[in-house]
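Bear in mind these aren't lab numbers, they're just calculated from the coordinates by the rules spelled out. Remember, predicted model here, so these are calculated numbers, not experimental data. Using ideal geometry, Cβ is built from the backbone for each residue, glycine included, and neighbour counts are taken over all protein chains shown.
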Amino acid sequence: MLKSNGIYSLVRINMFVQPLNPTGNVFLTILASLTPIIVLLILLAGLRLSAWLASLIGSIITIIVAITIWRAPPVPVIKAWLIGALVGTWAISWIVFWGLTIYNTLVLTGKFDAFKDWVIRNATNDARIQAVLLAWSFGALLEGLVGFGYPWAFISPLLIALGYEDLKALQVSALANNAPVSYGALGTPIVILSAVTGLPLLFVSSSVAKIVAVLALLPPWILLFLVDRWRGIKDAWPLAIVASLAYILGQFPIASYVGPYLPDISGSLVSFIILLLFLRVWRPKRILVLRQLDGGGSEKKYTTKDVVMAWMAFIILIIVVTLWTGPWSPLTKVSVASLVQPAYSSLLHKKVAVSFDFNPFVAGTSIMVSWIIISIVLGASPKMMGEAIKRSFKQYWGGILTGVFVVGLAYVFNFSGMAYSLAWKASDLEAAFIIVSPLFGWIGCALSGSNTSSNALFGVFQLTTAKLAGLPIGLTPALNSVGAELAKPVAPQTASAGVSTTKYVRKEGVVIRANLPWAIGILIYLILIGVIYAFLAPSLFMP
């Protein structure tokens, strides 16, 4: 209900008013609100369609539901979808494409193999150590810089080259990539969550850090189990303990006392270094070798210069992206043009909007510039650079289409009011809302493939519900962000990027189906973390 007939009339004339209960039945409205996520899961995990095709069908169905059930005007609905498509292309696919191009350039110049050889020589050819060192520690660095599925795309072929089966490599890369996501792309999800809720940036960052610190205790154990079942845990449990604690040591203080921009980078580097030092004094008694390599390395011997040049690519990427996209850079504040589609929220009693701001200097452009510099430093010829671009497009055209369709779908979901209808009765749960709070973040990221989008979609709702239900105001927004992390293994857009360098290109449904039980299991673990904090330490999430 709107506050007065005068307000209702004014809003009604100027913009679409989102109905809370368009079906007249609470259960049917909630079920209809879940239509996009149900359709995507059936098409991807059930029928195993390619992500771009599933998200295209999902987009069409979501648009029909928005127009027929939520009675949203067709033209604004299409405009909202177009805005989402532009966001999916420019804010997501543009990033991943150039990240893939860096990967392909490393492959073409031989530096990828040099890096692989260095890893084997320093971490042995034990598959469990490789999983933790690469997917967990090094993957967090790639998430902190690029995000959006790029850690899968880079780490998976590295693991495959070390003897992993493709699906197992993708699972390991995906499930290792949970904890770092909230601070991915230099903390963008946290920055957006602070902006939409109005909560202080450092408070939001520290709130998320408290949850991630507990969550981060789990993934290394999952990796050991994925690679070698219970024998892996029995043989290599010290590795899991060191890996998780080292990552927390590097991430938690930065996230809590400095800000959200560098925790993934610090957590990754501290974890990587400590693990390498630990492996000098400890090795599992039984070595699990998936592919025997002569002399502990590849057949070709790489020089120190080759290894240094391989690492130089990552150093260049860190420097350029950090300087370009950090809060100190004016480039991130440029806006050449914008599109906005407003609506009036009957839940929040205020105007809400989906929007797209065209900034030619977004993070993807910084990665493109990084690639150019890396290519020059590595001595890649113009022909080789062209071949890298060609390979990236061949690998990722399905992912580009997925970004268009699935983020367009998510923006229609938001504009039409489906998101707010889903949240409508949540505050009635009072303290029990803490159980369902992470689900909203999970759903938002599963639809859009973006933690940032999920925080933008549900951040205000999470804060408002916390106030109404008497919960700590920092806890539910933080659970939204971390819940979004856990949907990454089943998000179509992320999976499209992740599979692009494996034989599962455009077979994302198979990967999503394999990841789904794990994603749900870790979500239950997160809910337990939230409940414990809410009842035992609520003061930690108050300003």
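Please determine, in degrees from 0 to 90 and to the nearest 10, the orientation of helix 475-485 with respect to the longest principal axis defined by the Cα atoms of the chain, where the helix direction is its Cα long axis. Long axis of 475-485 versus the principal axis of the chain: about 50 degrees.
For region 13-541, the direction-averaged projected area of the alpha-carbon convex hull comes to 22.9 nm².
Tally Lys and Arg at +1 and Asp and Glu at -1 over the other residues with C-beta under 13 Å from the C-beta of Trp152: what net charge comes out? Please report the intermediate quantities before stating the final value.
Working: positive: Lys168, Lys488; negative: Glu143, Asp166, Glu508.
Spelling it out: positives minus negatives among the neighbours equals -1.
For region 13-541, the relative contact order works out to 27 percent when only alpha carbon pairs closer than 8 Å and six or more residues apart are counted. Pairs from the table (Lys79/Lys333; Lys116/Lys210; Lys168/Lys234; Lys305/Lys383; Lys116/Lys503; Lys333/Lys503) lying more than 28 angstrom apart at Cα are Lys116/Lys210; Lys333/Lys503.
Over region 495-543, the alpha carbon radius of gyration divided by the compact-protein estimate 2.2 N^0.38 Å works out to 1.79.
Dividing the helix sum by the residues of the chain, where each DSSP H run of 4 or more adds -39500 (n - 2.57), gives a mean residue ellipticity at 222 nm of -22000 deg cm²/dmol. Please give the helix 51-68 orientation as an angle from the longest Cα principal axis of the chain, in degrees from 0 to 90, rounded to the nearest 10. That works out to roughly 10 degrees. If you line up the long axis of helix 219-257 against the longest principal axis of the chain, both from Cα atoms, how many degrees apart are they, to the nearest 10? Tilt relative to the chain: about 70 degrees. Over all distinct Cα-Cα pairs of region 47-140, the Kirkwood formula returns a hydrodynamic radius of 17.3 Å.
What's the longest bit of the chain with no exposed trypsin sites (Lys or Arg not before Pro), using DSSP loop states and at most 14 other Cβ atoms within 10 Å as the test? It works out to 72-279. Highest mean packing first, where packing is the average number of other Cβ atoms within 10 Å per residue, the peptides 408-419, 486-497, 93-104, 257-268 line up as 486-497, 408-419, 93-104, 257-268. In the frame of its principal axes, region 203-293 has Cα extents of 47, 24, 20 Å, reported largest first.
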